[in-house]
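Contents: one structure, followed by commentary.
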Amino acid sequence: MDIETLDMKDIWRLIDKTLNEEPEPIRTLNVSYAFHLNGEDGGSFGLCLQEGQAGILWEDPDHTDCTLVMSTKDFRKLLTGNLNSTAAFMMGKLKVKGNIGLALKLETLLKQYSF
């Protein structure tokens, strides 16, 4: 599947499927993320990682450890390993609320998967 051609809901379904089929990298994590994605097909989504299980929320979660705000274009780049989150943060393309270390950890985590 080409992540560039999928709509955002299909991308989130792919994230859910991929993480749950390969749970080893998320085995020890207990963290929740919110994503506010702007641009075409954007919206608010949540990702909860708990003890080897990933859960997707189709809305902004009530409580998160880390919230990321970015464009849908940059989100696709993040998933495919083509976005350096530190550089994106410094250039204002990525805004982080909450624990910034978790945002950096997410980039490292996602690089262990193929989207």
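Counting the residues of the stretch 53-97 that are touching a strand residue (DSSP E or B) at 6+ places or on another chain (Cβ under 9 Å), assigned to a strand (DSSP E or B) and either among the β-branched types (Val, Ile, Thr) or surrounded by fewer than 16 Cβ atoms within 10 Å (Cβ to Cβ) (or both) gives 7. Residue 34 meets the stated requirement of being among the small types (Gly, Ala, Ser), surrounded by 14 or more Cβ atoms within 10 Å (Cβ to Cβ) and either under 23 Å from residue 2 (Cβ atoms) or in contact with a Lys or Arg (Cβ under 9 Å, 6 or more places away or on another chain) (or both).
Note on the stretch 15-31: residues that are assigned to a helix (DSSP H, G or I) and surrounded by 17 or more Cβ atoms within 10 Å (Cβ to Cβ) total 3. Restricting 17, 105 to residues that are charged (D, E, K, R) and at pLDDT 95 or above narrows the list to 17. The sole residue among 45, 115 that is surrounded by 20 or more Cβ atoms within 10 Å (Cβ to Cβ) and within 24 Å of residue 5 (Cα to Cα) is 45. The numbered conditions (1) more than 17 Å from residue 8 (Cα to Cα); (2) modelled with pLDDT of 95 or more are all true for residue 52 except (2).
Would it be correct to say that residue 35 is within 14 Å of the chain's Cα centre (by Cα) and not β-branched (Val, Ile, Thr)? Against the criterion (within 14 Å of the chain's Cα centre (by Cα) and not β-branched (Val, Ile, Thr)), residue 35 qualifies.
Of the residues making up the stretch 34-79, those that are in contact (Cβ under 8 Å) with a residue 24 or more places away in the chain, more than 15 Å from residue 102 (Cα to Cα) and out of contact with any Leu (no Cβ under 9 Å at 6 or more places or on another chain) number 8.
The values are calculated or read from the model by the stated rules, or taken from the named source; none is laboratory data. Just so it is clear, the model here is predicted, and its values are computed rather than measured. Every residue, glycine as well, gets a Cβ built from its backbone with ideal geometry; the counts of neighbours run over all protein chains shown.
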